[in-house]
Every structure is written in C-alpha cells, then in structure tokens.
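The values are calculated or read from the model by the stated rules, or taken from the named source; none is laboratory data. Every value quoted in this text rests on a predicted model; they were computed, and no experiment measured them. Reconstructed Cβ throughout: ideal geometry from the backbone, glycine too, with neighbour counts over all protein chains shown. When the accessible area is computed, the model is the full protein with side chains, heavy atoms only, and any ligands, DNA or RNA have been set aside. Shrake-Rupley method; radii C 1.70, N 1.55, O 1.52, S 1.80 Å.
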Amino acid sequence: MINGYSLDPHPSIKVVTEQYAVVRIPRVKRERVPANNVDIVETLEQAIEKSDTANHLYAAKVLGPSRSSEGVTLYYILDMYNYP
C-alpha cells in the first residue's frame, strides 16, 4: 500500500516495480496517473531527454503498474525531476 492506495496488480501484470518514466500530466500535483499517460524508459537521463514541460511531459520515478478500485491501470508518482 502507498499513500493509502492498494498496489494490487491486474491479473495480467506480473510485478509492481519502481521505474523511470515520462509522464503526461496537466498539473504537477498528482499522486497517480493512468498507464496510457506513462512512457517507461530505462534511465533517468532518458526520461529527462524525452520530457517537454511545455507539453506537460515530465521526467519521473513511478511505481506500478497497479489496478485501481475502478479497474484502471495506474502508476504512482514517487519523484518528479523537472517540474517548475
């Protein structure tokens, strides 16, 4: 559990892990984002290179994937690296 949310993975998902990613979010103060707004990359450097704050794309460390109570696959934002 993180911040009161269950990390129960979807049956098709093998492992919930910490990963670097580029996340698309309209406002920085988000705790979690849908999987379709997350682009997983290998390194923090890659995430920073692919980020574009003008288009709301931020480098982040995320935890997931996880299934919400509504059945949506989510990633939880652990750290943001290049937000204003």
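The residues of segment 23-84 expose on average 59 square angstrom of accessible surface per residue, using a 1.4 Å probe on protein heavy atoms. Here's how it looks for Arg67: its modeled amide H is under 5 Å from those of Asp8, His10, Leu74, which are all 5 or more places away or on a different chain. Under 5 Å from the amide H of Arg32 lie the amide H atoms of Ile77, each residue being 5 or more positions distant or on a separate chain, with H modelled from the backbone and absent for Pro and chain starts.
The distance between label points at Val72 and Thr53 comes to 2.6 nm (points 7 Å beyond Cα on the Cα→Cβ vector).
Rounded to the nearest whole Hz, the Karplus-based 3J(HN,Hα) values (6.51 cos²θ - 1.76 cosθ + 1.60, θ = phi - 60°) of segment 44-59 follow the sequence 4, 4, 5, 4, 5, 4, 7, 6, 8, 4, 5, 10, 6, 10, 10, 6, with x at glycine and proline. Classification of segment 19-66 by its C-alpha gyration tensor yields an oblate form. The axis ratio a/c (a ≥ b ≥ c) is 1.5 or more, and b/c is at least a/b.
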